[in-house]
Amino acid sequence: MLLHKYDLKIVLSECNPSSLKVNAIADLSEDIGEILPYLNTALKGLQYYAEEKILTVKKEGRLISFRPRQIALTKLEDENEATVVMEELKRIVNETYANRDHIKPTYTSRPMPRPLDIFKLLPGKNCKECGEATCMAFALKLINDELEWKQCPLLLTKEFEANRQKLVQIFPDAEN
């Protein structure tokens with residue numbers, strides 16, 4: 001086991017003080033810097049800065065930043081949710097550490113998808129069945145992790161299976 005304990009602090013969003021969501025910072029009892037490239041592979045990280053040892057991932061609609069002695073979380077309901085999420089991250093860190101001999105570390109960032117590239121993979125019918133006014137609006141919300149590709153009913157049809165598989169590659173944390 002690599003990570004044993006952490007000290008969790010709840011913080012309000014400085015850039016959006018009227019937000020109903022809170023953020024959290026967990027100061028770690030151990031240095032997890034050596035495992036960050038493995039977490040980058042396991043969690044399909046968005047950005048990884050090897051020199052600074054900072055890994056940022058998106059998981060369940062929130063940004064999570066890992067540093068050697070700290071994990072920062074966004075978009076939490078309250079301290080209880082922060083604790084639940086942090087316990088899950090602790091489990092993932094320790095599981096990744098235990099399995100690191102079987103994981104190829106990734107030292108680079110994943111390329112960010114462009115809205116037009118995502119739009120081209122959508123049905124393009126502007127049917128509004130997803131709840132958005134247009135497929136472009138849907139694409140933008142996908143990129144911003146405000147919804148998941150599977151919220152488009154047309155993507156679940158056989159006609160769009162190839163596009164769906166490409167979206168799964170781009171947004172791997174969404175369930176198939």
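Here, each number is a calculation from the coordinates, and none is a lab measurement. Values in this document were obtained by computation on a predicted structure and should not be read as measured data. Neighbour counts are summed over all protein chains in view; Cβ atoms, including those assigned to glycine, are modelled from backbone coordinates with ideal geometry.
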Pseudo-spin-label distance Ser109 to Gln165, built 7 Å along Cα→Cβ, given in nm, is 3.0
Computed about the Cα centre, the charge dipole of segment 1-142 from +1 Lys/Arg and -1 Asp/Glu charges at the Cβ has a magnitude in debye, to the nearest 20, of 640
So Asn126 and Asp27, fully extended at 0.36 nm per residue minus their Cα-Cα distance, gain in nm 31.1 nm
proj_area_mean for segment 115-170 (convex hull on C-alpha atoms), units nm², value 3.2
Over the chain, the quotient of the Cα radius of gyration and 2.2 N^0.38 Å is 1.13
Taking Cα atoms, the helix 161-170 axis meets the longest principal axis of the chain at an angle in degrees (rounded to 10) of 30
From the cross-link list Lys90/Lys120; Lys53/Lys141; Lys53/Lys125, the entries with a Cα-Cα span beyond 31 Å are Lys90/Lys120; Lys53/Lys125
Here, GluC sites (Glu not before Pro) of segment 1-70 satisfying both criteria (DSSP loop; at most 12 other Cβ within 10 Å) are Glu14, Glu51, Glu52, Glu60
Computed ³J(HN,Hα) along segment 123-138: with the Karplus parameters 6.51/-1.76/1.60, θ = phi - 60°, integer Hz and x for glycine or proline, the list is x, x, 9, 6, 6, 6, 5, 7, x, 9, 5, 9, 5, 5, 4, 4
Residue span Gln70 to Leu12: 0.36 nm per residue of separation minus Cα-Cα distance leaves a gain in nm of 19.2 nm
A correct Stokes-Einstein calculation for segment 6-102, using the alpha-carbon Kirkwood radius, 25 °C and 0.890 mPa s, returns a whole-number D in µm² s⁻¹ of 180
